[in-house]
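The values are calculated or read from the model by the stated rules, or taken from the named source; none is laboratory data. In this text, all values refer to a predicted model and were calculated from it rather than measured experimentally. We place every Cβ from the backbone using ideal geometry, glycine too, and count neighbours over all the protein chains shown. Ligands, DNA and RNA are excluded from the accessible area calculation, which covers all protein heavy atoms including side chains. Shrake-Rupley method; radii C 1.70, N 1.55, O 1.52, S 1.80 Å.
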Protein chains: 2
Amino acid sequence: MREFELLQHIYDANPSLSPSVTLPPGDDMGALRLSGHNILVTVDQIADQVHFDLKTTSLERIARKAITRNLSDVAAMAARPVGAVCAAALPRSMSSVDATRLFDAMRQTAQHYACPLFGGDTTLWDNPLLLSVTVLAEPWPGIAPVLRSGAKPGDVVCVTGALGGSLEPIQRDNRQYIHHLDFEPRVELARLLAERVTLHAMIDISDGLGRDLAHIARASHVSASIFANQLPISPAAKQAAARLNVPPWARAISDGEDYELCFTLSSPDAQKLPESILGVPITRIGQIGPAAIHPVLLQVDDKQIDVSDRGWEHST
Amino acid sequence: MREFELLQHIYDANPSLSPSVTLPPGDDMGALRLSGHNILVTVDQIADQVHFDLKTTSLERIARKAITRNLSDVAAMAARPVGAVCAAALPRSMSSVDATRLFDAMRQTAQHYACPLFGGDTTLWDNPLLLSVTVLAEPWPGIAPVLRSGAKPGDVVCVTGALGGSLEPIQRDNRQYIHHLDFEPRVELARLLAERVTLHAMIDISDGLGRDLAHIARASHVSASIFANQLPISPAAKQAAARLNVPPWARAISDGEDYELCFTLSSPDAQKLPESILGVPITRIGQIGPAAIHPVLLQVDDKQIDVSDRGWEHST
């Protein structure tokens, strides 16, 4: 059983929920309406040997990722993070000093993004480290949460930043940079985007562009065509592609853990987009069409490839 | 390192938090103020071999406990649960049918307590099952959240239900009942209590009465004296005590996972309490005095025993 299939089942089996649930499972965050106020919630976990390697990764980097991964979901809704809680399952062998380092780094990361860590639960056990973080968010004033389901035929598809190579260590500013650990969640960028244009649909790229854009296509009952020669490809993806002797677009489409935003908007609104926001490039990579058998087709030279299931699967 | 020490450190090290955090770590729930509205949040996790045994416990019981444990924290604040999200780390060997049973049972339990499960995250891994559930709550109209820190010298100490023997299987209504799995979270009872009297301090008994009442004593800068001959002792605790040849009060004070409420209130308010609410006995067990070296003393015959550290420790 794969993660995606299981999640899909859970979403499909979703029964009639309370009317207070304004956003059921199936988007980057769920939402509740309380006394007329929308509260967005996301939960995400990272585990040793699945999402990081405790033997080779500093506790500070692990702690940071536990928080920023959730903040990327907040960015995907164009929402404002307001607070976090963490459930930590710590290996009994972890020293008290290391546990403190881990919590201090989570707290500092959360504070840095104006998302205070204000609660938690700790269990000691004889198994690997697992951190499960829940982040609460609310809409920015005047900005409705952006869902996966609003893409329309004729929309332009864009991405932020550069894709691929998230596991590949590269040198940047004289230090080692590994994207899946060190990425910057696009919270502020998403807000600036949403203030400037009407975003029809948005997702953060965690599973890989192919699979995540397919989430938008399926939720919106549309299809997407994207172009290999328009993809912004990261230096790390190029480095990995050269080493593995594969085309760089293959890495950009499927590596996953990009934590960049993929969004769609009307063609007139796309004209208003600057080349970059906060120093992060904004790139048109394709367009939205009517629903089709293949949710996401990639044009490579004169061939079309179905990339709807191209993504990273931790469990396969 | 023990769980309690680690949590204590995390609470002690708590830096200046954002003014939106109205209840920092250290109570049964944390709280955030959003647009004038108080949101309470708790997170709790249960793990195979720590909080249950997957080999001998049905998935339905495990799923139920994952939700009800958090609802007990909501009860401890006398608040109203509004929604839940769950992060599940599933052993890769678990079948899709079993994963579905688990999620269906969590969803049904959550729905039963008017606390819809509206989001989640699933990871497959080669380690034991771990479920981490976050529950959001809000105050009932006109009822402020009850903290651990409000106990006053002269207060009466009460508990709901009967204590001890939470791990001991007993026969009840012609079926096997194991309290730590099958308990009823006291959400509605807490609301009825808070409507009738002014609760000064409250906690749910998860670590054991001795240790949990010590949490109230320390947070309130008071001490507590309780009486062994006034403790309501469960049939399961008596059964376990007879088998182990120990006094029944020893089981009632330290078994943990009672998920009953321990609260303090003024003596005049204590006069107003009925003998039971919703069929659950309410029992006076002692009183609050000024701060003292021993936060919680138990009177047994003519001896006083410090029971401040008597509780269940998963990790020792």
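In the set (1) more than 8 Å from every other protein chain (Cβ to nearest Cβ); (2) farther than 27 Å from B:Asp48 by Cα; (3) of a type in the set (A, V, I, L, M, F, W, C), A:Leu59 fails one condition alone, (2). Please specify each residue of the stretch B:215-235 satisfying the condition of being open to solvent by 10 Å² or more (accessible area, probe 1.4 Å) and in a helix (DSSP H, G or I). Residues satisfying the conditions are B:His215, B:Arg218, B:Ala219, B:Ser220, B:Ala228, B:Asn229, B:Gln230, B:Pro235.
In the stretch B:121-129, the count of residues that are open to solvent by 20 Å² or more (accessible area, probe 1.4 Å) and either within 16 Å of the chain's Cα centre (by Cα) or more than 7 Å from chain A (Cβ to nearest Cβ) (or both) is one or more.
The condition of being within 10 Å of chain B (Cβ to nearest Cβ) and either of a type in the set (Phe, Trp, Tyr) or in contact with a Gly (Cβ under 6 Å, 6 or more places away or on another chain) (or both) holds for A:Val85.
If the condition is being free of Cβ contacts under 8 Å to residues at least 60 places away in the same chain and open to solvent by 20 Å² or more (accessible area, probe 1.4 Å), then the stretch A:24-78 contributes A:Pro24, A:Pro25, A:Arg33, A:Ser35, A:Gly36, A:Asp53, A:Lys55, A:Thr56, A:Ser58, A:Glu60.
How many residues does the stretch B:166-214 hold that are surrounded by fewer than 18 Cβ atoms within 10 Å (Cβ to Cβ) and among the aromatic types (Phe, Trp, Tyr)? Result for the stretch B:166-214: 1. Kindly indicate whether any position in the stretch B:147-156 is touching a Lys or Arg at 6+ places or on another chain (Cβ under 7 Å), over 23 Å from B:Ser267 (Cα atoms) and in contact (Cβ under 8 Å) with a residue 12 or more places away in the chain. Among the residues of the stretch B:147-156, not one is touching a Lys or Arg at 6+ places or on another chain (Cβ under 7 Å), over 23 Å from B:Ser267 (Cα atoms) and in contact (Cβ under 8 Å) with a residue 12 or more places away in the chain, which makes the answer no.
Considering only residues that are over 27 Å from A:Met202 (Cβ atoms) and either surrounded by 19 or more Cβ atoms within 10 Å (Cβ to Cβ) or within 10 Å of chain B (Cβ to nearest Cβ) (or both), which ones fall in the stretch A:99-117?
A:Ala99, A:Thr100, A:Leu102, A:Phe103, A:Asp104, A:Ala105, A:Arg107, A:Gln108
Evaluated against (1) among the small types (Gly, Ala, Ser); (2) surrounded by 23 or more Cβ atoms within 10 Å (Cβ to Cβ); (3) over 23 Å from B:Asp27 (Cα atoms), B:Ser132 falls short on exactly one condition, (3). In the stretch A:282-316, the qualifying residues are those that are in contact with a Lys or Arg (Cβ under 7 Å, 6 or more places away or on another chain) and at pLDDT 95 or above, and the one that is nearest to the other protein chains (Cβ to nearest Cβ) is A:Pro295. Here B:Gly279 meets the list (1) under 23 Å from B:Asp27 (Cα atoms); (2) open to solvent by 10 Å² or more (accessible area, probe 1.4 Å); (3) at pLDDT 95 or above almost entirely, failing just condition (1). Taken over the stretch B:258-275, the criterion of being touching a strand residue (DSSP E or B) at 6+ places or on another chain (Cβ under 6 Å) and either open to solvent by 20 Å² or more (accessible area, probe 1.4 Å) or without any contact (Cβ under 8 Å) to a residue 60 or more places away in the chain (or both) is satisfied by B:Ser267, B:Leu273.
State whether one or more residues within the stretch B:82-96 are touching a residue at least 60 places away in the same chain (Cβ under 8 Å) and closer than 30 Å to B:Ala144 by Cα.
So far as the stretch B:82-96 goes, no, none of its residues is touching a residue at least 60 places away in the same chain (Cβ under 8 Å) and closer than 30 Å to B:Ala144 by Cα.
When B:Tyr259 is tested against (1) at negative phi; (2) part of a loop (DSSP other than H, G, I, E, B), just one condition goes unmet, and that condition is (1). So for the stretch A:190-210 (the condition being of a type outside the set (Lys, Arg), under 26 Å from B:Val133 (Cα atoms) and free of Cβ contacts under 8 Å to residues at least 12 places away in the same chain), does at least one residue qualify? No - not one qualifying residue is present in the stretch A:190-210. In the stretch A:252-268 there is at least one residue that is over 26 Å from A:Leu192 (Cα atoms) and not polar (S, T, N, Q). May I ask you to verify whether B:Ala47 is modelled with pLDDT under 95, closer than 22 Å to B:Ile205 by Cβ and outside any helix (DSSP H, G or I)? No: the conditions fail for B:Ala47. Among the residues of the stretch B:284-297, are any open to solvent by 30 Å² or more (accessible area, probe 1.4 Å), over 17 Å from B:Ser223 (Cα atoms) and in a strand (DSSP E or B)? Checking the stretch B:284-297: not a single residue is open to solvent by 30 Å² or more (accessible area, probe 1.4 Å), over 17 Å from B:Ser223 (Cα atoms) and in a strand (DSSP E or B).
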